[in-house]
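Trainee: So that we are looking at the same thing, I have put the structure below in structure tokens.
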Amino acid sequence: MTINPELPINFSPMHRLQWEEVQQKDVILYPEGMVELNQSSAEILKLCDGTRNLDQIVTDLEEKFSTTDLKNDITSFLDVALNNGWIQQD
């Protein structure tokens, strides 16, 4: 599966994204375990709230970090997240 750039992206209701003090990083919690995230991955997933599509997420992150050309990296990560069930599109 790949991200449909036109559709909003939602974080999965079966998972929870939260800061873990012990690990000093954001993690995804789910019934079977936990996934530790690097800062970039966490920043992307925090924007997967159902109100933004791919281009909107890219624009928001490029503005936040004063950079450009993030679309390919963000798309690649979101494809992995989609295939792992961390995000979904309706």
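The values are calculated or read from the model by the stated rules, or taken from the named source; none is laboratory data. None of these values were measured; they are calculated from a predicted model. Methodologically, a virtual Cβ is constructed for each residue, glycine included, from the backbone with ideal geometry; neighbour enumeration extends over all protein chains shown. When the accessible area is computed, the model is the full protein with side chains, heavy atoms only, and any ligands, DNA or RNA have been set aside. Shrake-Rupley method; radii C 1.70, N 1.55, O 1.52, S 1.80 Å.
Trainee: Please work out which residue is farthest from ILE87 (Cα to Cα), limiting yourself to region 7-17 and to residues that are open to solvent by less than 60 Å² (accessible area, probe 1.4 Å) and over 11 Å from the mean Cα position of the chain (by Cα).
Mentor: Among residues in region 7-17 that are open to solvent by less than 60 Å² (accessible area, probe 1.4 Å) and over 11 Å from the mean Cα position of the chain (by Cα), the one farthest from ILE87 (Cα to Cα) is LEU7.
Trainee: Looking only at region 32-71, which residues are out of contact with any helix residue (DSSP H, G or I) (no Cβ under 8 Å at 6 or more places or on another chain) and under 15 Å from LEU82 (Cβ atoms)?
Mentor: Within region 32-71, VAL35, GLY50, ASN53 meet the criteria.
Trainee: Still on this structure: Within region 10-64, count every residue that is within 15 Å of ASP79 (Cα to Cα) and of a type in the set (S, T, N, Q).
Mentor: Going through region 10-64 one residue at a time, the tally reaches 5.
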